[in-house]
Structures are given as structure tokens and as C-alpha cells.
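The structure appears right after this line, and notes come after that.
The values are calculated or read from the model by the stated rules, or taken from the named source; none is laboratory data. Everything numeric in this text was worked out from a predicted model, so none of it was measured. Glycine also receives a Cβ, built like all others from the backbone with ideal geometry; neighbour counts cover every protein chain displayed.
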There are 2 protein chains.
Amino acid sequence: MTVKNRSANAATRRSKRDLPSGGNIPATAPSSAVSALESWTETTTNPYPTGTLGKALEALDVIASADRPIRFTEILNQLDQPRGTLHRQLSNLVAEGLVTVDQNQTYTPGLRLLKLAARAWSRNSLRSVAAPHLMALHEATGETVHLGVLNGLEVVYLDKVESRQSVRMHSQVGNASPLYCTGVGKAMLARLPLQDAADRASRFAYVQHTPTTLASASLLLEELEAIRQDGLAFDREEHEPGIVCVAASVLYPEGEGVAGLSVTAPAFRMGPDKIAEFSALVRQTAQNIEDETDARLGPRHQE
Amino acid sequence: MTVKNRSANAATRRSKRDLPSGGNIPATAPSSAVSALESWTETTTNPYPTGTLGKALEALDVIASADRPIRFTEILNQLDQPRGTLHRQLSNLVAEGLVTVDQNQTYTPGLRLLKLAARAWSRNSLRSVAAPHLMALHEATGETVHLGVLNGLEVVYLDKVESRQSVRMHSQVGNASPLYCTGVGKAMLARLPLQDAADRASRFAYVQHTPTTLASASLLLEELEAIRQDGLAFDREEHEPGIVCVAASVLYPEGEGVAGLSVTAPAFRMGPDKIAEFSALVRQTAQNIEDETDARLGPRHQE
DNA sequence: CAAGGTGTTCCATTTAGTGGAACTCAATTT
DNA sequence: AAATTGAGTTCCACTAAATGGAACACCTTG
């Protein structure tokens, strides 16, 4: 076979069929080693060979990332696979309901994704434990409350409570943001083992979203130290201009590691006084959730 | 190789590798023929060979359907595949972030599902066109408003606007309910070609959720006729006791076919007078959304 | 410490995914 | 109207990759 320049695949496929390091299924994000699972978080091509599944998901990712129904050839161009192959993969995705085609041969994410995610979400234990606490925090502060979990180099938001929900209702759930410029992100980073936090810190792109966005690993690490001191992280308009937040981390024992929660508000509504007031509430809420997840799992914890 | 009684697989695999009927990728749910894609909606094993992908998704489905983290063997029992095979499939799912394992070797749906679904949802064109209309309908009625789409034998809810969102916030988005006992479901069925509606009607299980649940295909078809007359469907406590709703269908031209929307409320708050009042609003809202999706696609519609 | 169960790894076998090329069908162009 | 391009689909020999039986760890339990 002619190898051409199929860089992605060539780089991807390892010798025969060995998994990350020996084939053992690693507990997800063990929060100490740089997890094998972070791969798909980044924009680079997945470095681990998951065979057919990986290919199919690459296609699915392209379709999901497109901001409109996307044509066959566009997908082809972004993936550098042979036409025949891609076509069959798409057939399969369509047959499985993960993707939808309409008459104009344009592809859109399918409803099955929604169904799967809805079940996943509603059964997520951290989320369900946290929900009432988030609600209480929202009532106490009157501001928007977020719950997020650490995922590679991102926060993925699991839940959100806001008053003026109106049009942008579910906007955040399932969304992902960088760790280095969000309150929840920094709170979670600070909770990681030092080495792990440093590893991740070294891998961010440090896109300057606003004038106050942290611009380098060293600045970030310095701030993490402060966060460790009092258990609170702040977003000072670092991600979106005019938006500030107070955040704290939650450790939950079910192996997936670190989560975080925050109260977010426009800067004009949340001055130093309010921040001080909310800080205690946020810290307390994080503690409550952590206690409850601990309790749920029972005292089999110290073994 | 010894074939054993691997019924699922045996029944699944067709001769060599032919797709549903010749291999052409069919436009999803063409709302006339019984679509190939309904398969995964039902509980029976997927009758189409999607090879590895299909197998992996079966496993994912099992994990997502479980109401708690599930162990390896439990999955194995539900799937009837060799241990080695299942193990490798799970490895792949984990490596791709679709599934998460914790220390106790229990499997949970992964965050990637949420991310994918969130992107799918936020970019869904029907949903985004409909959102402001749903909002308006909610303001006008003060009651909960749903948007759902037809998917095989189910309604999948795409959006929801309710006032007392509190704890059960996103509960419905992505959820699926049967067609025959929901307002949206019946409205959509009535909008299908007669033959198609009859086909589907013959395939429901007709579980008696409440005393008023329609109990047979003939009863359903009769009611569909009435719904076609005035374009409105009603749920008279047919799915949940004490809950009624008024629904109408929306045809949207992007190939996926039929959708529906409804106003839902407790029966005591929505008597005959209110129903009459809301009926007009519901009908009008459906019309508005339909017009707007038409307009969006431009007048290339009659060709 | 044997017995049973559960999870993981190995490897020869063969299935099923691959991908180059040929084909079809439109929409353009000459 | 014939010729050209380009997008989507199909075909099929080739081989990579999935398979699955069996052996291996590692608990837990009697």
C-alpha cells in the first residue's frame, strides 16, 4: 500500500495493538499521572489506537464541531481518510443514529447522542448529590451557580442554576472551558497533586481572552499557591470581560477525582463586599457536598 | 470456531457486509417508509450490522441504561459476548472517553458524551429557531412548554421552558417518551402519512400508564383522525395522573421530518376554559415556528 | 489453602475494515 | 448537446484489526 502523507494515522498506529501502557484499563483520570484519557480533550489527533471506534468518533467529532450541517467532502478534507472508508464509517454512524443525513447529503449529530447524554447526566452521582446544595447556594446569593468537573485540560460543566434562565437555558451544561482562566478550573487545579498541576499548567495555550487572563504557567502556579492557602479561587474577568466569580473545589471519591463549583456574576453587581460575603458560602457549600459524597460511599474510604 | 448460542450476533450478521438495502445511506427518517434507523429506539437487538461500532455501542447503551455504576460481569451477562472481546471494547470506549472506570472496576458513562451532546444540542437548528417562540408561549400561558421530535416510536424532547425550574432543571431534555400517550407524540403521529402512522401505531406496546391511556392501535388511529381535523392533540392524563397538555405538530423541512410542541400543566390548573384559551396559542406558535423554518431554508422548497 | 468468581492478557484464526479505482449522476462549461 | 468537472457511491483484493478460547492473576469465601 502506498503510504502517502496520512500523517494522523501513521503517527497514531503503534506497533501491533498495544494499549497506552500494557493494555490495562486505567482508572479514569487518577488525578496523579497524566491520564491516558486526556487525549480527546485536546485538538491534536488522538494518539491512542482505538481502531475502528476511534476513526468513527473522529468523524463524529467533526460533525459535532461544525456549526451547521456539514457535507461529505468537508468531513473528508478534515480527516484525511480515503473516501470509501469515510463513507462506510458515516453509513455506520447513521445506521446507529449517532448522525443524521438529510436529502442534501448533509450530516448533523443524531438524537441518540442526546438520549445517551441525558441518561448519563441524570444518573451522575456527583451531580445529583450536589444539586440541592447548588440550589441553596443560588438562593442565598441570587447569582448564577455552576458545577464543573476536571477533564484533561478543561472544565466540563455538569450543572448550572441561574435565575434569569430564559433563552440561554441549558447553555452551559456539557460545555467545556479552559482551566487556567476560570474560577472552577483554577480551584480544581489547586486541589491536584503539585506535580500533576504543574504538568497541566505547562500544557495550556494561554490564550489571552481578556486583559486580566493569566498569561503563563508561572503566573498560574503562583496563583494556585494562594488558592491552596484559603481554598478559594477567583476569576477576575479573566475569561469574559465584566464577569467575575468565586469558586471552590470538591473532591469526590468515586475515582473521577476533582470537581468545582462557583458563583458567577457581573463585576458591577459583585464588588469586594459581596465577594467576601459569598466566599464563605461557596467554601461551605463545597464542604457540604464533599461530606455528603464521602458519606454516600460509606466509611470504606481509608482502606 | 464453535458457534454456541450467540443468538444476537448470529441473527444480526447478514451474508457478507451489505447495509440495510443495498448500502445506500438513506436520508434519516424520511417520514414515509419505516426507517432503517428506528432500530436502536427499540429494545430488541439492532438488526443491522454496523460491525465493531455496533458492538461498542451496545456496551455503551448497557452502561448508560444502568442506574448506577455497573460492573464488568453485569455488562457481560447482558450482552453475550466473549469476555476477551467485551474487555477490549470497553478499553476502547474508555480510551475514547465515552466511558469512565473507577477503582472498583465499575463503569459509568463518560464526559465526552455530554460534550458531544451539548454541541449537538446547541447547534440544532429547529431548537434554536423554536426557542424564542417557546419562550413567548411560556410567558403567555405561564405553564411548562415542551419541544420534541419524532424518533422511531418515541418523542425525544429537545427543549423545555418552565417557571419553577428549581431542582429538576434540565430533566426532560434528551429524554424519550412513547408516542401513543403524550400530546406531542400524538400530534406528530397525526402529521405523518396515514400508512406510516398506522405502521407505527401497530408497533406500540400500549403500556397502561394511567386509566385514560389509549389501549390499542384502533383507539389511537381514531383519535389521530380527530387530531388531523383541528390540528391539536390533547393528553388527558394519559401518561401521568393529574397532568394534561395541549400539543400541535411542526413540520420542518430539513429532512428529519416532524416535531411537536406542547403546553403542559396539572389538571386542576388547566380546566376546559384554559385549554380553549391555550389551544389557539399552541396552534399559532406551531405555525410560527413552521413558517420560520421554511423561511430559513429559503424558497428552494418547491423543487 | 483450596474453590469459585471476577477481571485481564495472550495469540492463532479469520472476519471485517481498508482504500484505490471505477462508476454514477448532476451541475457547469465549451 | 457533448464534454468536463466534482461530489457521492460502489466494488473488491488485501491486510490490519477484531475475535474468542484458554490461560493467567487476583481477590474473596468457605
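B:ARG112: more than 25 Å from B:MET188 (Cβ to Cβ) and over 17 Å from the mean Cα position of the chain (by Cα), yes or no?
Taking the combined requirement at face value, the residue satisfies it.
Tell me which residues, restricted to the stretch B:63-77, are within 15 Å of DNA strand D (Cβ to nearest atom) and either touching a residue at least 12 places away in the same chain (Cβ under 8 Å) or aliphatic (A, V, I, L, M) (or both).
If the condition is that a residue be within 15 Å of DNA strand D (Cβ to nearest atom) and either touching a residue at least 12 places away in the same chain (Cβ under 8 Å) or aliphatic (A, V, I, L, M) (or both), then B:ARG71, B:PHE72, B:ILE75, B:LEU76 are the ones that fit.
Out of the stretch B:127-137, which residues are free of Cβ contacts under 8 Å to residues at least 40 places away in the same chain and either closer than 18 Å to B:ARG283 by Cβ or of a type in the set (Val, Ile, Thr) (or both)? Spell out how you get there, then give the answer.
Of all residues in the stretch B:127-137, those free of Cβ contacts under 8 Å to residues at least 40 places away in the same chain come to B:127-128, B:131-132, B:135.
Residues satisfying the conditions are B:PRO132, B:MET135.
Sort through B:VAL149, B:VAL155 and tell me the only one that's touching a Ser or Thr at 6+ places or on another chain (Cβ under 6 Å), within 14 Å of chain A (Cβ to nearest Cβ) and either touching a residue at least 40 places away in the same chain (Cβ under 8 Å) or part of a loop (DSSP other than H, G, I, E, B) (or both).
Numbers: B:VAL149 fails: touching a Ser or Thr at 6+ places or on another chain (Cβ under 6 Å).
Sole residue among the options that is touching a Ser or Thr at 6+ places or on another chain (Cβ under 6 Å), within 14 Å of chain A (Cβ to nearest Cβ) and either touching a residue at least 40 places away in the same chain (Cβ under 8 Å) or part of a loop (DSSP other than H, G, I, E, B) (or both): B:VAL155.
Inside the stretch B:69-100, can you point out the residues that are small (Gly, Ala, Ser) and more than 9 Å from DNA strand C (Cβ to nearest atom)?
Result: B:ALA95, B:GLY97.
Quick one: in the stretch B:78-99, which of the residues that are outside any helix (DSSP H, G or I) and farther than 16 Å from A:LEU53 by Cβ is farthest from DNA strand D (Cβ to nearest atom)?
It comes out as B:ASP80.
For the stretch B:91-133, name all the residues that are among the β-branched types (Val, Ile, Thr) and within 7 Å of another protein chain (Cβ to nearest Cβ). Please lay out each step first, then the result.
To start, the set of residues in the stretch B:91-133 that are among the β-branched types (Val, Ile, Thr) comprises B:94, B:99-101, B:106, B:108, B:129.
Across the stretch B:91-133, the qualifying residues are B:VAL94, B:THR100, B:VAL101.
Mind listing whichever residues of the stretch A:152-161 are at pLDDT below 90 and touching an Asp or Glu at 6+ places or on another chain (Cβ under 8 Å)?
Within the stretch A:152-161, A:GLY152 is the sole residue that qualifies.
If you take the residues of the stretch A:101-126 that are in contact (Cβ under 8 Å) with a residue 24 or more places away in the chain and part of a strand (DSSP E or B), which of them is nearest to DNA strand C (Cβ to nearest atom)?
A:THR106
How about the stretch A:58-90: which of its residues are among the β-branched types (Val, Ile, Thr) and at the interface with chain B (Cβ under 9 Å from one of its Cβ atoms)?
Matches in the stretch A:58-90: A:ILE63 only.
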